[in-house]
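Right, one structure below, let's go through it.
The values are calculated or read from the model by the stated rules, or taken from the named source; none is laboratory data. Just so it is clear, the model here is predicted, and its values are computed rather than measured. Heads up, the Cβs are rebuilt from the backbone with ideal geometry, glycines too, and the neighbour counts pull from every protein chain shown.
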Amino acid sequence: MTQMRLDRFLAEEGVGTRSEVKKLVRSGRVRVNGTEVRQPEYKIDPEKDSIEAEGRAIGQTGFLYLMMNKPGGVLSATRDGRTQTVINLVQESWANKLFPAGRLDKDTEGFVLLTNDGMLAHRLLSPRRHVSKTYFAIVSGIVTENDVRLFREGLDIGEKRKTLPAQLVRLTVDGDFLEEKINRQDSRSEKQPPQPDSPLLVSRAQMQEFCMRGIALSDYARCGEGECCVAVAVTEGKFHQIKRMFEAVGREVRFLKRIAIGTVCLDRTLESGQYRPLTEEELGMLRNVEGSAEAPDDNSEEQKELCSGKEENIDVL
Ligand code: URA
């Protein structure tokens, strides 16, 4: 392992003179593995650590972006003494430069972005930006129109504030939107279909695309008797958020899979545990992602964990 001082590394990489880079580091504009470091004497391993100065990757590797279909039972973390992590599944020699941008529960499956780009991860997870995350879920019982309304209006899940408006869509096991099926029947019987009364987080067309492209037949096949399939989009990342929201309406989440981050959809051809680089188009979509309107910053769990740098939380910026 070759360790060297951070300021020396930056100066040798041509970022500035030794005194310029010291100032840069002290001003908080340098990140090591996604975490702000303000000590010029901080020791790094140039072969392993990813260094950013003012949002620009310094050194050989550059920025890396992988879309992974996380399997259940694997931690969204960089390292863990006992349990396999998403990073352990990456075969490439530079795997240790990556971290997961955000956390999914151990039993949650689906889209995890693995990157060394701390700024992008921060933007996608910032509670201020409200970037939507869309999930496929199998839940107990029959989700009703009233549940859809409660999700839209916000739920008490035991936090200081109600949850922000979430978009809940009931799906039929053949992947259709239940509401649309009913609407089609209603329009045949000349009954007016209900109009949405508030702006949608994710357009109907986009939600339909996420469901079509992100949910595999084998996911629908998990839906058993007395359960139903839904898609749900949220713009915050509180601890166990989706599970707690369903709990608040008296239901239990039996299976959960993230199918989209912002407008980028999970590639359903990725088998469980597989990954691939993001395409240029997908990366552009994440870079240009626009969240919904500003709302109070209550420091979501995801963000707190991301910024804490605690090894057990692992997401390190
Ligand atoms: N909500 C949950 O309950 N779990 C997750 O993993 C993600 C969102």
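Could you run through segment 224-247 and say how many residues are touching a Cys at 6+ places or on another chain (Cβ under 9 Å) and near the ligand (Cβ under 7 Å from one of its atoms)? Spell out how you get there, then give the answer.
Quick first cut of segment 224-247, residues touching a Cys at 6+ places or on another chain (Cβ under 9 Å) only: 229, 231.
Cutting the leftovers down to near the ligand (Cβ under 7 Å from one of its atoms) gives us none.
Final tally of qualifying residues: 0.
Looking across segment 11-30, the residues that are hydroxyl-bearing (Ser, Thr, Tyr) and more than 30 Å from the chain's Cα centre (by Cα) come down to Thr17, Ser19.
Residue under question is Glu92, and the condition is that it be of a type in the set (D, E, K, R) and at pLDDT below 95; does it hold? For Glu92, the condition - of a type in the set (D, E, K, R) and at pLDDT below 95 - is met.
For segment 64-172, list the strands (runs of 3 or more DSSP E) that sit wholly inside it and hold at least 3 residues that are touching a Gly at 6+ places or on another chain (Cβ under 6 Å) and buried (at least 22 other Cβ atoms within 10 Å of the Cβ); which are they? Step through it out loud before you land on a result.
Numbers: elements: 65-70, 109-115, 133-140, 167-171.
By residue number, no strands (runs of 3 or more DSSP E) qualify.
Of Arg8, Arg38, all but one fail to be in a loop (DSSP other than H, G, I, E, B), over 27 Å from the mean Cα position of the chain (by Cα) and without any contact (Cβ under 8 Å) to a residue 60 or more places away in the chain; the exception is Arg38.
Name the residues in segment 97-113 that are away from the ligand (no atom under 15 Å from the Cβ), out of contact with any helix residue (DSSP H, G or I) (no Cβ under 7 Å at 6 or more places or on another chain) and not basic (Lys, Arg), would you?
The answer is Phe99, and nothing else.
In this structure, does Asn33 turn out to be buried (at least 18 other Cβ atoms within 10 Å of the Cβ), outside the structural domain of Gly118 (by TED's automatic domain parsing), under 23 Å from the mean Cα position of the chain (by Cα) and not charged (D, E, K, R)? The answer is yes for Asn33.
Where strands (runs of 3 or more DSSP E) sit wholly within segment 207-317, none has at least 2 residues that are in contact with a Pro (Cβ under 9 Å, 6 or more places away or on another chain) and at pLDDT 95 or above.
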